[in-house]
Amino acid sequence: MRERLGLLWVIAAEVVLFAILAERFLSIDNARELVRSSAELGCLAVAMTFVMKSGGIDLSVGSTLGLAAVSVGALCERGWPWPVAAGAGMGVGIVCGCVNGLLIARMHIPPLVATLATMALFRGLAEGATGGYVVYTKFPQPLLALGQGFGLLGAPPQLAVLAVAFGAGAVAVHRCAFGRRLTAVGYAPEAARLAGVPVHRTLLEVYGWSGLAAGVAGVLAAAHVGQAKADMGTGYELAAITVALLGGTAVSGGAGTLGGTALSLAAIAILQNGTALAGFPTELASILLGAVLVASVLLGRRESPAAANSQTLSDEPEMRNSQLAVLVAAILAGALLVAGTNTWLVRTLMESRGEAGRVPPKKVVVAMMPKNKSDPYFASCRKGAQAAADELGVELLWEGPNDTDAAKQNEVVESWITRGVDVIAASVENRGSLSTVLRKARSRGIPVLTWDADAEPEARDFVVNQATPEGIGQALADEAARVLGGKGKMAIVTATLTAANQNEWIAALRARLAAAHPGVEIVVVRPSDGVREKALTETRNLLRAYPDVRLVCTIAAAAVPGSAEAVKQEGSAAKVIGLSVPSLCRGYVHEGIVESIVLWNTVDLGYLTVRAAVKLKAGELRSGAASLDGGRLGTLEVRGSEILLGKPFRFDKSNIDQFDF
């Protein structure tokens, strides 16, 4: 009881803090999104409480979620009724859970080892079913409504799912013989067996329920983001363990309550939601949460021998004072950091304007999202975006995933809608998935731009197009033909096979080759996720599989040096061309491995996007416009709803040292 009271105090402190820092934190809309965003993790946390209470661990829940989501997506894609597809997804979860249960209960494999193995197995099955790159997006509207709609009294459907999960779980653990068996097995499995407790059956049931929870979470996740792919659920196993652990569930087994898990889930969800609404990087919430977890483990309650001997088979563990103290301290430290930063910023603004008695006027907030903010390509775009924001006197809110994660993009835009930013500019990873939430933003009166990669036309007002697909395709095709001497085989390494802009570039490249360079043949297209390491692996594999490939065209900035390194390591005579930034490829260009790269000025792309966003918000950019004042870029063409930056530029040995981005 004392532990739950402590978590209530933590939640109260978070609510007060973020109510001060984020204007719309206490709104009904934000409460709905809090529930919606925590549903999948909540289901997994309930299951993890069961599993940890039994003395085990389940590292496979994230992989099971991904496999279940892919199963639902595949069946919906084939026209199966959505209830059947959803039921099949949950069935896949149960099967996965029973596999874990059999390995642990019947074959006596330690839970850590067994679920570590099945984590890899289930993820491998999902990747095998999708080829590692297929993304399912054709979900029927009733299923999407389960993840994106609103039910009775405007509540999201996920609220009912969470209520059932926690309610049924609490009854099973605290009011049924199953819960007593679980506690006995967790504290002393051998003693429980000698006392007549069916230990094997109990463990099989526990892992079966865990699999079902992961299956339900997979259905919810697919419905929430409108897509299903093999890597869904990555990292969820650790998040679920974190929730259960901070809620008071003992790693050693026996102790744990669903009430504590529910409060822990709320505390973590509020922390993540509040930092996003307050406009701070998502890394801040991760840092605070990570510090809490690590410190909780390191500073765990030190039991005296007397206390240990007096411990009973109770569901109510003693309050972990050090754990609670660390959690509160982390939140307060974050609050002090935020408050101090805000105070300093306001004071600086006042002093610089000589307005010590007046608060400066509110700036227009431009919320700009890259596909992957750790990608050097997008980092260079940010430089131009910040330059335009400083020039125009607006606030730039730069946020997005640290890898190509469409689900994370959805979460970011949802938080911006709740916050009420002035305009949104998004580089779209998955068109079908993100378009839904962008339409929602427009329905709330928030103007929407896309840049670098487009959404569905009705989901945005304008798109800032760095170059036309035809221009990029022609430039790459002509360069490929030049390097190959007009004849030969080439391979393409792209970021993802579902990225709309890259698919358009590839289509334009194929069309140009067919029309002007028929002697050049594309033998394979492989995805790299825009990651150097994966591009290296994919390029190495295709060079071995297709030894007659003489050119690799890589169209993702961070992936080009990966392809170049693969060519170098393999000792291949193949050359590399593609789309990238000079800073990543300079060395390989001078070595002669990368023949050339084609790109637009990424700094200018970021600069133009912010200028267009501000013009759109001010009503100076309207439908039917033929041109746009691009500031230092001059007057730029507007073609329909496309704002054109210009033609792509070719970088090679003769000029690459002249550019520093």
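The values are calculated or read from the model by the stated rules, or taken from the named source; none is laboratory data. It should be emphasised that the depicted structure is a prediction, and the values quoted were computed from it without experimental measurement. Positions of Cβ are generated from backbone atoms using ideal geometry, with glycine treated the same way; all protein chains shown enter the neighbour counts. Surface areas here come from the heavy atoms of the whole protein model, side chains and all, with no ligands, DNA or RNA. Shrake-Rupley method; radii C 1.70, N 1.55, O 1.52, S 1.80 Å.
What to note about this one:
- Distance histogram in 5 Å bins (all Cα pairs of the stretch 512-573, percent per bin): 4, 20, 28, 22, 15, 10, 2
- In Å, descending, principal axis extents of the Cα set of the stretch 448-511: 44, 20, 15
- For A573 and L194, the difference between the fully extended length at 0.36 nm per residue and the C-alpha to C-alpha distance is 129.5 nm.
- Simple spin-label estimate for A618 and S443 gives 3.1 nm between the two label positions (7 Å along the Cα-to-Cβ direction from each Cα).
- Peptides 88-101, 147-160 ordered by average Cβ neighbours within 10 Å, highest first: 88-101, 147-160
- Degrees, to the nearest 10: 582-591 long Cα axis against longest axis of the chain: 70 degrees
- The candidates V421, V216, arranged from most to least accessible area with a 1.4 Å probe in the full protein assembly, appear as V216, V421.
- If you take the alpha carbon atoms of the stretch 174-296 and fit the smallest convex hull around them, that volume is 132 Å³ per residue.
- Nearest-0.05 FRET efficiency for W9 and I109, computed from C-beta distance (R0 35 Å): 0.30
- Efficiency of FRET between Y546 and V16 - r from beta-carbon atoms, R0 56 angstrom, step 0.05: 0.35
- Using 0.36 nm per residue and subtracting the Cα-Cα separation, the extra length available between R201 and R632 on full extension is 148.0 nm.
- Rounded tilt (10° steps) of 282-298 against the dominant C-alpha axis of the chain: 30 degrees
- For the chain, radius of gyration divided by Kirkwood radius, i.e. Rg to Rh on alpha-carbons: 1.01
- Rounded to the nearest 20 debye, the dipole magnitude of the chain is 620 debye, with +1 charges on Lys and Arg beta carbons, -1 on Asp and Glu beta carbons, and the Cα centre as origin.
- Ranked by how many other beta carbons lie within 10 Å on average, peptides 391-399, 598-606 from highest: 598-606, 391-399
- Rounded to the nearest 10 degrees, the angle from helix 602-617 to the longest Cα principal axis of the chain is 80 degrees.
- Dipole axis of the chain (+1 Lys, Arg; -1 Asp, Glu on Cβ), positive-most option in L182, G624, A480: L182
- Averaging 1/r across all pairs of distinct Cα atoms in the stretch 406-480 and inverting the result yields a Kirkwood radius of 13.0 Å.
- Distance between modelled label sites at D660 and A160, nm, 7 Å Cα→Cβ extension: 6.0 nm
- For a modelled paramagnetic label at A31, 7 Å from Cα along Cα-to-Cβ, the residues of the stretch 257-275 in reach, with backbone nitrogen under 20 Å, are 262-275.
- Residue-averaged 222 nm ellipticity for the chain, from DSSP H runs of 4+ at -39500 (n - 2.57), nearest 500: -19500 deg cm²/dmol
- Expressed per residue, the C-alpha convex hull volume of the stretch 446-559 stands at 99 Å³.
- Dipole axis of the chain (+1 Lys, Arg; -1 Asp, Glu on Cβ), positive-most option in L288, T418, G87: G87
- Radius of gyration and Dmax over the Cα atoms of the stretch 1-81, both given in Å: 18.2, 52
- With 5 Å bins beginning at zero, the pair-distance distribution over Cα atoms of the stretch 514-630 amounts to 2, 11, 18, 17, 13, 10, 8, 8, 7, 4, 2, 0 %.
- Distant alpha-carbon pairs in the stretch 377-447 (separation over 19 angstrom), percent: 37 percent
- Relative contact order for the chain, counting Cα pairs under 8 Å that sit 6 or more residues apart, in percent: 13 percent
- Of the solvent-accessible surface of the chain, computed with a 1.4 Å probe over protein heavy atoms with every protein chain present, carbon and sulfur atoms account for 60 percent.
- Relative contact order, percent, the stretch 575-614 [alpha-carbon distance under 8 Å, six or more residues apart]: 42 percent
- With the simple spin-label model, which puts each label point 7 Å out from Cα in the Cβ direction, the E395 to K487 separation comes to 6.3 nm.
- Within the stretch 221-245: backbone nitrogen closer than 20 Å to the A129 label point (7 Å, Cα to C-beta): 221-237
- Shown here: the stretch 571-661, whose C-alpha atoms stretch 56, 23, 18 Å along the first, second and third principal axes, sorted largest to smallest.
- P(r) weight above 14 Å for the stretch 90-145, C-alpha pairs, percent: 66 percent
- The calculated FRET efficiency for the pair A168 and A516, based on their C-beta separation and a Förster distance of 60 Å, comes to about 0.40.
- Taking a sphere under 13 Å around the Cβ of D529 and counting the other residues whose Cβ falls inside, with K and R at +1 and D and E at -1, yields a net charge of -3.
- Computed log₁₀ I(q)/I(0) - Debye formula, equal Cα scatterers, no solvent, the stretch 62-182, q 0.13, 0.20 Å⁻¹: -0.71, -1.19
- Here the stretch 367-450 is treated with +1 on each Lys and Arg Cβ and -1 on each Asp and Glu Cβ, and its dipole about the Cα centre works out to around 320 debye.
- For the chain, the solvent-accessible area works out to 41 Å² per residue, with a probe of 1.4 Å and every protein chain left in place.
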